[in-house]
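Undergrad: Next up is a structure, given as structure tokens.
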Amino acid sequence: MVDPALIRDDAPVVRAALQRRGADLSTELDELLSLETERRRLLPELEGLKRDQNLAGEEAGRARKEGKDFSSIQSSSRERGQRIKQMGAELEEVEARRHRGLLAIPNLPHESVPTGTSAADNAEVRRHGDQGTFAFTPQPHWDLGPALGIIDFERGTKIAGARFAVLVGAGARLARALINFMLELHTTEHGYTEVEPPFMANSASLTGTGNLPKFEADLFKISGDWDLYMIPTAEVPLTNMHRGEILDGREFPIRYTAYTPCFRSEAGSYGADVRGLIRQHQFDKVEMMAFTTPDRSYEELERLTGNAEEVLKRLGLPYRTMLLCTGDMGFASAKTYDIEVWLPGQNSYREISSCSNTEAFQARRANVKFRPDGAGKPVFAHTLNGSGLAVGRTLIAILENYQQEDGSVVIPEVLRPFMGGLTAIPAR
């Protein structure tokens, strides 16, 4: 959530920042400013009436003790009580409308984020690894996987419908090896604490991260009276680990990593993205998440992005890191790096990790605060998250980059201990 005080006191700054995102929210901002004006009118008047009511109660009490007539005081108190009730309801409605309006405003982009309208305006920051050359035409994973007998799209569709797949044999083992390798790297070398969170979350948790109310169509909701959704990413439970808490700033940064399956409806996604394992309704991911102080959060973003890149370096996969422009960033992000892995079978780079600093946007929604020195006035934390990595897309990248002319696929050396020493997936 954008700081309401910033909207109130520096509305032109907020308008300009949202315009950089390509978001025309002038009407919404005007409504918020109007509600803020009404709120500031109602609050002191209501508080004054309550004070008068308390004084009248004391006055009636004295009159009763002294045997005096206090019927006029009671009559005024009844009228005042009705007015307090009416104004309280008005204030409650204003507060509710104001809160709903604030939830609909996206985060403001950091000054270092380039202005743009689409992915075409993203800026390449760095590139690592050689794309390599093949003495044969490299195949895409949607041909390689079935040919090797390790990905079964038809049975995935039979079991659950379109955009589901079954990993079989060495395919399932490779996915498990990737999960174990990533978690081992992030916990033993990168300093994250491993968490196994619930794979479902309530609406308060999804509101805290910015998935609700705006992106409900992208979520799978549990039917019936349950206030539960399948998580779209481990970012949701990890961020909400400390929802409503005041943390000790001396313990920052707090870093978590988790493996979870992720569930997304992918509403509105069509075309080439839905082929193969690129954009599934269910996929595995290892997530990284951090709570830190405002003055260290951009340093933490660089660190977190480097942690995700290190996974690709260890696997020997070529990639490039892109700084997203204002028009391509996520709703909750103030600054995002996308890491794109090279897929020779598709002759293109594809996103495999997104690393974002949300600053205090999520913490304000989830009410996560900290005391800088363990004492004093609490302030909102900064939260960061990043894929470390998307497991299915990493599996895709290994198949396409390590494929051999005979149809086999070599296992990257760092994964072999997690694959029982297997060095290659043989062609059938």
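The values are calculated or read from the model by the stated rules, or taken from the named source; none is laboratory data. Computed from a predicted structure; not experimentally measured. When we count neighbours, we look across all protein chains shown, and the Cβ atoms used for this are built from the backbone with ideal geometry, even at glycine. Side chains included, ligands, DNA and RNA excluded: accessible areas come from the protein's heavy atoms. Shrake-Rupley method; radii C 1.70, N 1.55, O 1.52, S 1.80 Å.
Undergrad: Taking into account only those residues within region 144-157 that are free of Cβ contacts under 8 Å to residues at least 40 places away in the same chain and under 31 Å from the mean Cα position of the chain (by Cα), which is surrounded by the most Cβ atoms within 10 Å (Cβ to Cβ)?
TA: Gly156
Undergrad: Turning to a different aspect of this structure: Exactly one of these conditions fails for Glu79: (1) within 30 Å of Thr27 (Cα to Cα); (2) open to solvent by 60 Å² or more (accessible area, probe 1.4 Å); (3) not hydroxyl-bearing (Ser, Thr, Tyr). Give me its number.
TA: Failed condition: (1).
Undergrad: Okay, next question. Please go through region 111-128 and give me each residue that is free of Cβ contacts under 8 Å to residues at least 60 places away in the same chain and not in a loop (DSSP other than H, G, I, E, B), ordered by number.
TA: Ala120
Undergrad: Turning to a different aspect of this structure: So the check is Cβ under 6 Å with 6+ separation or different chains; which pairs have a first residue in region 303-322 that's open to solvent by 20 Å² or more (accessible area, probe 1.4 Å) and a second one that's of a type in the set (Ser, Thr, Tyr) and modelled with pLDDT of 95 or more?
TA: Cβ pairs passing all conditions: Arg320/Tyr349.
Undergrad: Next question, about the same structure. Just to be sure, is Leu389 surrounded by 17 or more Cβ atoms within 10 Å (Cβ to Cβ), farther than 30 Å from Ala135 by Cα and of a type outside the set (Asp, Glu)?
TA: For Leu389, the condition - surrounded by 17 or more Cβ atoms within 10 Å (Cβ to Cβ), farther than 30 Å from Ala135 by Cα and of a type outside the set (Asp, Glu) - is not met.
Undergrad: Ok, one more. Please go through region 169-188 and pick out each residue that is open to solvent by 50 Å² or more (accessible area, probe 1.4 Å) and either part of a helix (DSSP H, G or I) or closer than 19 Å to Arg279 by Cα (or both).
TA: Once the filter is applied, which keeps residues that are open to solvent by 50 Å² or more (accessible area, probe 1.4 Å) and either part of a helix (DSSP H, G or I) or closer than 19 Å to Arg279 by Cα (or both), region 169-188 yields Arg173, Arg176, Asn180, Glu184, Thr188.
Undergrad: Show the residue pairs meeting these rules: Cβ distance below 6 Å; 6+ apart or different chains; first residue within region 405-428 and on the phi < 0 side of the Ramachandran plot and in contact (Cβ under 8 Å) with a residue 24 or more places away in the chain; second residue of a type in the set (D, E, K, R) and in a loop (DSSP other than H, G, I, E, B).
TA: So the pair list comes out as Ala427/Asp406.
Undergrad: Any idea how many residues of region 129-143 are open to solvent by 80 Å² or more (accessible area, probe 1.4 Å) and touching a residue at least 40 places away in the same chain (Cβ under 8 Å)?
TA: Total satisfying the criteria: 2.
Undergrad: Taking the options Leu108, Leu102, Leu91, name whichever one is touching a residue at least 40 places away in the same chain (Cβ under 8 Å), assigned to a helix (DSSP H, G or I), under 20 Å from the mean Cα position of the chain (by Cα) and crowded, with 16+ Cβ neighbours inside 10 Å.
TA: So the residue among Leu108, Leu102, Leu91 that is touching a residue at least 40 places away in the same chain (Cβ under 8 Å), assigned to a helix (DSSP H, G or I), under 20 Å from the mean Cα position of the chain (by Cα) and crowded, with 16+ Cβ neighbours inside 10 Å is Leu102.
Undergrad: Which ones in region 324-372 are in a loop (DSSP other than H, G, I, E, B), under 20 Å from Ala204 (Cα atoms) and either in contact with a strand residue (DSSP E or B) (Cβ under 7 Å, 6 or more places away or on another chain) or open to solvent by less than 30 Å² (accessible area, probe 1.4 Å) (or both)?
TA: Those that are in a loop (DSSP other than H, G, I, E, B), under 20 Å from Ala204 (Cα atoms) and either in contact with a strand residue (DSSP E or B) (Cβ under 7 Å, 6 or more places away or on another chain) or open to solvent by less than 30 Å² (accessible area, probe 1.4 Å) (or both): Gly330, Phe331, Ala332, Ser333, Thr358, Glu359, Ala360, Val368.
Rundown of residues vs (1) modelled with pLDDT of 95 or more; (2) loosely packed, with under 14 Cβ neighbours inside 10 Å; (3) among the polar types (S, T, N, Q); (4) assigned to a helix (DSSP H, G or I), yes/no style:
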site: Gln19; (1), (2), (3), (4): yes, no, yes, yes
site: Leu32; (1), (2), (3), (4): yes, no, no, yes
site: Arg40; (1), (2), (3), (4): no, yes, no, yes
site: Glu58; (1), (2), (3), (4): no, yes, no, yes
site: Arg64; (1), (2), (3), (4): no, yes, no, yes
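Undergrad: Here's something else I'd like to know. Would you check if there is a residue in region 173-189 being more than 29 Å from Gly306 (Cβ to Cβ) and not basic (Lys, Arg)?
TA: no
Undergrad: For region 217-241, enumerate the residues that are among the charged types (D, E, K, R), farther than 20 Å from Val2 by Cβ and assigned to a helix (DSSP H, G or I).
TA: Of everything in region 217-241, just one residue is among the charged types (D, E, K, R), farther than 20 Å from Val2 by Cβ and assigned to a helix (DSSP H, G or I), namely Asp218.
Undergrad: Continuing with the same structure: For region 351-378, give me each residue that is in contact with a Ser or Thr (Cβ under 8 Å, 6 or more places away or on another chain) and either at pLDDT below 95 or among the acidic types (Asp, Glu) (or both).
TA: Glu359, Pro372
Undergrad: Considering each of Leu399, Leu415 in turn, give the residue that is part of a helix (DSSP H, G or I), over 29 Å from Arg303 (Cβ atoms) and under 32 Å from the mean Cα position of the chain (by Cα).
TA: Just one listed residue meets the conditions, Leu399.
Undergrad: Between Leu247, Leu206, Leu212, which is at pLDDT 95 or above, among the aliphatic types (A, V, I, L, M) and assigned to a loop (DSSP other than H, G, I, E, B)?
TA: The conditions single out Leu212.
Undergrad: Let me ask another. Residue pairs, Cβ under 8 Å, 6 or more apart or interchain, first in region 194-209 and within 18 Å of Pro261 (Cβ to Cβ), second open to solvent by 50 Å² or more (accessible area, probe 1.4 Å) and in a strand (DSSP E or B). List them.
TA: The qualifying pairs are Glu196/Tyr259.
Undergrad: Turning to a different aspect of this structure: Answer yes or no as to whether Asp52 is touching a helix residue (DSSP H, G or I) at 6+ places or on another chain (Cβ under 7 Å) and of a type in the set (D, E, K, R).
TA: Yes.
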